[in-house]
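First the structure, in the form of structure tokens, and then the observations on it.
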Amino acid sequence: MNSIQIVHNADHSVLTINRTHALNALNAEVFSEIDFVLSNPLPATSRLLVVAGSGDKAFAAGADITEFTDLDGKSAEDLSQKGQKIFDKLSALQIPSLALIHGYALGGGLELALACQIRIVTRKAIMGLPELNLALIPGYGGTQRLANLIGKGKAIYYTLSSENMDAETALSAGLADFIVEDQQAGIEFIQKFAKKLSFKSRISLDLALEAIQNSGSADGFALESKNFRKAFETEDMKEGVGAFLEKRKPVFQHQ
Ligand code: COA
């Protein structure tokens, strides 16, 4: 891989965009390498996939604008659909996908973070959709995901004005889930989270995530009941309940 790096730690994987010289702008190579990672199984021990940017200036400062000059309308639509498809894989990942945002997350970079299931931002995060400054619009799911997260009114305000949000604003708007002091604190937050997940039964993690991913859909409650039943039918559940009653730590088969 040239433009991204993927590192598999004991209990979580970290995908880092590696184009510091261009503020980690997402070019065709970044997209195809992210697609490759998301199209292949992660190690069974990975409980989280973290997405981050290299360097201390940017998560990703957008789609690579230098690649726009050769596009016509049809190839732009194709590019948008391709980007949406890749980002959909991230949002539908079967382990939590988590964006660690430090510095600029703009345009396609913010859309990448929006496709992650959780967003952690440092105090130096700057987030926005500046596409309209180029007489463009967001094309990798940003018009949909931002509105779903922060509501239509705020999505219209921030997209049409191209105004950026700082960490506090993003937190209060619901774009950011957690604020950490700096990148190191973000890494520590993630390591603690991954450790907590590593003690759980893998089956209940998968079943809970699937149900939460379907929240807001017509069959979300039905899926919750179905998955509740599936959890009940596992040996791990018997072990979890038994261990609680016997006042000991559970040892799950699927850990
Ligand atoms: N696409 C391609 N290259 C980009 C880029 C992008 N989206 N964003 C930054 N870069 C490049 C710059 O061209 C520059 O390259 P150079 O050193 O070869 O000139 C390098 O990254 C550093 O960026 P620079 O603009 O010098 O940094 P800055 O600190 O002055 O400004 C930003 C930072 C983020 C405000 C500014 O780079 C910017 O506005 N980027 C574009 C953001 C955008 O519109 N994204 C949406 C695209 S649809």
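Of all residues in segment 92-147, count the ones that are more than 9 Å from the ligand (Cβ to nearest atom) and assigned to a strand (DSSP E or B).
Looking only at that region, the number is 12.
For segment 119-135, indicate whether the set of residues that are free of Cβ contacts under 8 Å to residues at least 12 places away in the same chain and out of contact with any Lys or Arg (no Cβ under 6 Å at 6 or more places or on another chain) is non-empty.
First pass over segment 119-135, keeping only residues free of Cβ contacts under 8 Å to residues at least 12 places away in the same chain: 135.
After this cut, where a residue has to be out of contact with any Lys or Arg (no Cβ under 6 Å at 6 or more places or on another chain) as well, the list is 135.
The answer is yes; a qualifying residue exists.
Return the total of residues in segment 190-238 being in contact (Cβ under 8 Å) with a residue 24 or more places away in the chain, assigned to a helix (DSSP H, G or I) and more than 26 Å from the chain's Cα centre (by Cα). Can you show your working first?
Quick first cut of segment 190-238, residues in contact (Cβ under 8 Å) with a residue 24 or more places away in the chain only: 190-191, 193-195, 197-207, 209-210, 213, 230-231, 234, 236-237.
From the residues that got through so far, the ones that are assigned to a helix (DSSP H, G or I) too are 190-191, 193-195, 197-198, 202-207, 209-210, 213, 230-231, 236-237.
Filter again for more than 26 Å from the chain's Cα centre (by Cα), leaving 230, 236-237.
Residues that pass the stated criteria total 3.
Across segment 4-22, what is the number of residues that are buried (at least 21 other Cβ atoms within 10 Å of the Cβ) and either in contact (Cβ under 8 Å) with a residue 40 or more places away in the chain or assigned to a loop (DSSP other than H, G, I, E, B) (or both)?
Count: 3.
Can you tell me which of (1) within 19 Å of Gly142 (Cβ to Cβ); (2) within 16 Å of the ligand (Cβ to nearest atom); (3) out of contact with any Gly (no Cβ under 6 Å at 6 or more places or on another chain) is the one Gly55 doesn't meet?
Against the list (1) within 19 Å of Gly142 (Cβ to Cβ); (2) within 16 Å of the ligand (Cβ to nearest atom); (3) out of contact with any Gly (no Cβ under 6 Å at 6 or more places or on another chain), Gly55 comes up short only on (1).
None of the figures in this text is laboratory data; all of them are computed from the coordinates on show. Because the structure is a prediction, the values reported are computed rather than measured. When we count neighbours, we look across all protein chains shown, and the Cβ atoms used for this are built from the backbone with ideal geometry, even at glycine.
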